[in-house]
1. Any residue in region 41-54 that's in contact (Cβ under 8 Å) with a residue 24 or more places away in the chain: show its pairings with residues that are in a helix (DSSP H, G or I) at Cβ separation under 9 Å, as long as the two are six or more apart or on different chains.
2. Can you pull out every residue in region 5-28 that is exposed (fewer than 11 other Cβ atoms within 10 Å of the Cβ) and modelled with pLDDT of 75 or more?
């Protein structure tokens with residue numbers, strides 16, 4: 001079961017685990033927060049989730065561009 005969860009977490013941008021690490025909260029409680037607030041507010045936290053996912057991917061790209069590996073030179 002843990003292998004499936006880690007696979008899904010890596011494929012779903014890892015936003016909940018990233019937020020959990022930053023705020024020292026479990027990722028499962030953050031996932032529940034997104035699910036409950038999405039149901040109550042007609043999906044507006046989904047927009048926040050996608051913005052955070054985009055921001056994380058851009059920061060990875062910018063960090064990789066600033067410090068290229070030997071294979072990217």
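1. Cβ pairs passing all conditions: 49/15; 49/16; 49/34; 49/38; 52/15; 52/18; 52/19; 53/15.
2. If the condition is that a residue be exposed (fewer than 11 other Cβ atoms within 10 Å of the Cβ) and modelled with pLDDT of 75 or more, then 22, 23, 24 are the ones that fit.
The values are calculated or read from the model by the stated rules, or taken from the named source; none is laboratory data. Just so it is clear, the structure is predicted and the values come from calculations on it, not from any experiment. Here Cβ is always computed from backbone atoms with ideal geometry, including for glycine, and neighbour counts include all displayed protein chains.
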